[in-house]
Amino acid sequence: EQVIFLDECVSSFIQIRGSVPLFWEQPGLQVGSHRVRMSRGFEANAPAFDRHFHTLKYIYGKQIIVNLLGSKEGEHMLSKAFQSHLKASEHANDIKMVNFDYHQMVKGGKAEKLHGVLKPQIQKFFECGFFYFDGKEIKRSQSGTIRTNCLDCLDRTNSVQAFIGLEMLTKQLEVLGLAEKPQLVTRFQEVFRSMWSVNG
């Protein structure tokens with residue numbers, strides 16, 4: 001959650017992160033060489049998968065999944081299982097999944113593809129907005145969340161959530177009446193990036 005307090009005003013934006021909500025494991029001790037293995041079959045996974053998304057929808061409203069898993073052997077298998085479960089579930093019609101192979105798209109740390117490829121796919125979801133209280137009453141509410149995952153929910157997820165958060169920060173500053181002050185906006189962005197860097 002990113003929250004901005006300005007005098008009596010409060011603006012907040014929530015994102016969710018989590019690993020693939022299925023029963024899977026990476027046996028072994030050596031970091032980086034773990035093979036992904038499904039530890040339960042499709043039928044055994046389905047109830048937990050459904051419960052997970054029921055809970056998210058109940059608490060946060062509409063959901064969109066940003067799946068950052070790659071096309072490598074283990075990740076690809078897990079990504080396909082995630083997609084298959086969503087397709088077979090009762091959530092198939094109201095939860096969109098955006099598959100974005102982060103390592104393939106963002107080679108060498110170049111984030112242009114986040115703007116060019118990912119942003120257009122999740123742009124409509126920004127309409128879910130953010131919370132805004134003007135000191136007297138609630139003027140806006142957030143009606144859904146973006147759920148981002150990679151394999152371990154670390155670097156890739158941090159990068160994409162920081163990108164999404166920065167996009168929404170601009171909108172939050174607008175509603176707080178700060179967007180016309182370029183130096184202040186720049187400072188907010190610097191502090192925001194620094195906080196995400198420390199978070200990562």
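Residue pairs whose Cβ atoms lie under 6 Å apart, separated by 6 or more positions or on different chains, with the first residue in region 161-174 and crowded, with 21+ Cβ neighbours inside 10 Å and the second of a type outside the set (A, V, I, L, M, F, W, C), are Q161/Q15; Q161/T148; Q172/S11. Looking across region 167-186, just one residue is among the β-branched types (V, I, T) and in contact with a strand residue (DSSP E or B) (Cβ under 7 Å, 6 or more places away or on another chain), and that is V175. Residue check: L86 meets all listed conditions (1) hydrophobic (A, V, I, L, M, F, W, C); (2) modelled with pLDDT under 95; (3) assigned to a helix (DSSP H, G or I); (4) farther than 30 Å from C9 by Cβ but one, namely (2).
If I filter region 187-199 for residues that are under 30 Å from A81 (Cβ atoms), touching a residue at least 24 places away in the same chain (Cβ under 8 Å) and touching a Lys or Arg at 6+ places or on another chain (Cβ under 7 Å), do I get at least one hit?
Within region 187-199, not a single residue is under 30 Å from A81 (Cβ atoms), touching a residue at least 24 places away in the same chain (Cβ under 8 Å) and touching a Lys or Arg at 6+ places or on another chain (Cβ under 7 Å).
Please go through (1) free of Cβ contacts under 8 Å to residues at least 40 places away in the same chain; (2) touching a Phe, Trp or Tyr at 6+ places or on another chain (Cβ under 9 Å) for R51 and return the number of the only condition it doesn't satisfy. In the conditions (1) free of Cβ contacts under 8 Å to residues at least 40 places away in the same chain; (2) touching a Phe, Trp or Tyr at 6+ places or on another chain (Cβ under 9 Å), R51 misses (2) alone.
Got a sec? Which helices (runs of 4 or more DSSP H) wholly within region 113-200 have at least 1 residues that are touching a helix residue (DSSP H, G or I) at 6+ places or on another chain (Cβ under 6 Å)? In region 113-200, 155-175, 182-199 are the helices (runs of 4 or more DSSP H) which contain 1 or more residues that are touching a helix residue (DSSP H, G or I) at 6+ places or on another chain (Cβ under 6 Å). Among the residues of region 70-103, those identified as without any contact (Cβ under 8 Å) to a residue 40 or more places away in the chain, of a type in the set (A, V, I, L, M, F, W, C) and touching a strand residue (DSSP E or B) at 6+ places or on another chain (Cβ under 7 Å) are L86, M97, V98.
In the condition set (1) closer than 20 Å to R35 by Cβ; (2) under 15 Å from the mean Cα position of the chain (by Cα), F53 is compliant with all but (1). Within region 89-111, being of a type in the set (K, R), in a loop (DSSP other than H, G, I, E, B) and surrounded by 13 or more Cβ atoms within 10 Å (Cβ to Cβ) holds for no residue. Filtering region 28-35 for residues that are modelled with pLDDT of 95 or more and in contact with an Asp or Glu (Cβ under 9 Å, 6 or more places away or on another chain) leaves an empty set.
Tell me the residue from E8, E43, E73, E25 that is under 30 Å from G177 (Cβ atoms) and either of a type in the set (D, E) or under 14 Å from the mean Cα position of the chain (by Cα) (or both), please. Being under 30 Å from G177 (Cβ atoms) and either of a type in the set (D, E) or under 14 Å from the mean Cα position of the chain (by Cα) (or both) holds for just one of E8, E43, E73, E25, which is E8.
Please go through region 1-27 and pick out each residue that is over 30 Å from F188 (Cα atoms) and either β-branched (V, I, T) or at pLDDT 95 or above (or both).
If we filter region 1-27 for residues that are over 30 Å from F188 (Cα atoms), which is where we start, we get 20-27.
V20, P21, L22, F23, listed by residue number.
Among the residues of region 47-88, those identified as among the small types (G, A, S) and surrounded by fewer than 16 Cβ atoms within 10 Å (Cβ to Cβ) are A48, G61, S71, S84, A88.
The values are calculated or read from the model by the stated rules, or taken from the named source; none is laboratory data. Quantities reported herein were computed from a predicted structural model and do not represent experimental measurements. All Cβ positions, even for glycine, are placed from backbone atoms using ideal geometry, and neighbour counts span all protein chains on display.
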